[in-house]
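Scroll down for the structure; my scribbles are underneath it.
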Amino acid sequence: MRKLKIEPLTKEAFAPFGDVIETEGSDHFMINNGSTRRYHKLATVETAQPEDKAIISIFSAQALEMPLTIRMLERHPLGSQAFIPLLGNPFLIVVAPLGDAPESELVRAFRSNGRQGVNYHRGVWHHPVLTIEKRDDFLVVDRSGSGNNCDEHFFTEDECLLLTPHQ
């Protein structure tokens with residue numbers, strides 16, 4: 001079983017999978033009579049159909065037992081999905097490139113610093129939210145509309161990956 005190396009989350013490294021949502025290093029302009037910095041369009045909500053809607057939710061997640069065997073990934077073919085940490089805690093991100101099915105050898109893992117969120121592009125394979133804390137909250141921006149927007153892929157036993165958060 002291959003052990004996933006956890007990389008720091010950067011815009012450059014995560015670009016094939018989506019957007020890193022953070023203010024550090026991002027352009028901004030002043031609004032509200034000069035009292036507020038607006039970090040504009042840090043990510044784009046993607047939807048497949050004109051009748052789809054972008055929605056905002058809060059996910060309250062519980063930590064999974066670690067080390068974690070990654071047995072499955074999911075994707076959302078009809079819309080993007082963004083996770084923004086609300087409590088400032090680091091969290092883990094496991095992703096694989098676009099394709100009919102994720103390839104185990106191309107799976108990558110990242111660690112958010114707690115001030116960074118992610119926006120998975122439409123169709124990008126990813127593991128469901130992975131909090132490191134016992135419980136954590138995330139603001140989630142994704143798509144609502146008709147049609148099946150969640151595909152799951154289960155790895156064979158020899159394709160499974162091991163994730164250890166304290167490397």
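The values are calculated or read from the model by the stated rules, or taken from the named source; none is laboratory data. The structure presented is a predicted model; accordingly, all values stated were derived computationally and were not measured. So basically every Cβ, Gly included, is an ideal-geometry build from the backbone, and we count neighbours across all protein chains shown.
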task: Working only within the stretch 85-128, note down all residues that are farther than 18 Å from residue 75 by Cβ and touching a Phe, Trp or Tyr at 6+ places or on another chain (Cβ under 7 Å).
output: 85, 86, 112, 117
task: Output the strands (runs of 3 or more DSSP E) that fall wholly within the stretch 105-146 and possess 1 or more residues being touching a helix residue (DSSP H, G or I) at 6+ places or on another chain (Cβ under 8 Å) and at negative phi, or say none.
output: 108-111, 117-120
task: Return the residue satisfying two criteria in turn: it lies in the stretch 61-86 and is within 16 Å of the chain's Cα centre (by Cα) and part of a loop (DSSP other than H, G, I, E, B), and of such residues it is nearest to residue 5 (Cα to Cα).
output: 63
statement: Filtering the stretch 107-151 down to residues that are of a type in the set (Ser, Thr, Tyr) and over 26 Å from residue 50 (Cα atoms) yields 112, 131
query: Can you name every residue in the stretch 120-139 that is surrounded by fewer than 17 Cβ atoms within 10 Å (Cβ to Cβ) and farther than 16 Å from residue 94 by Cβ?
result: 133, 134, 135, 137, 139
- line: Among (1) under 25 Å from residue 26 (Cα atoms); (2) part of a loop (DSSP other than H, G, I, E, B); (3) of a type outside the set (Asp, Glu), residue 94 falls short only on (2)
message: Considering only the stretch 33-40, I want to know if a residue exists there that is under 19 Å from residue 121 (Cα atoms) and at pLDDT 95 or above.
response: yes
task: Give the number of residues within the stretch 13-23 that are in a strand (DSSP E or B) and of a type outside the set (Val, Ile, Thr).
output: 2
query: Mind checking whether some residue in the stretch 72-84 is among the aliphatic types (A, V, I, L, M), modelled with pLDDT of 95 or more and surrounded by fewer than 12 Cβ atoms within 10 Å (Cβ to Cβ)?
result: no
- prompt: Can you name every residue in the stretch 24-53 that is surrounded by 11 or more Cβ atoms within 10 Å (Cβ to Cβ), free of Cβ contacts under 8 Å to residues at least 12 places away in the same chain and outside any strand (DSSP E or B)?
  reply: none
query: If you take the residues in the stretch 147-167 that are part of a loop (DSSP other than H, G, I, E, B) and under 17 Å from the mean Cα position of the chain (by Cα), which one is surrounded by the most Cβ atoms within 10 Å (Cβ to Cβ)?
result: 149
- prompt: Name the pairs whose Cβ atoms lie under 7 Å apart, with the first residue in the stretch 110-135 and in contact (Cβ under 8 Å) with a residue 40 or more places away in the chain and within 16 Å of residue 57 (Cβ to Cβ), the second of a type in the set (Gly, Ala, Ser) and not in a loop (DSSP other than H, G, I, E, B), and 6 or more positions between them or separate chains?
  reply: 117/82; 118/18; 118/82; 119/18; 119/82; 120/18; 129/61; 131/61
- prompt: Are there any pairs, at least 6 apart or on different chains, whose C-beta atoms fall under 6 Å, with the first in the stretch 1-21 and farther than 19 Å from residue 163 by Cβ and the second outside any strand (DSSP E or B) and charged (D, E, K, R), and if so, which?
  reply: 20/11
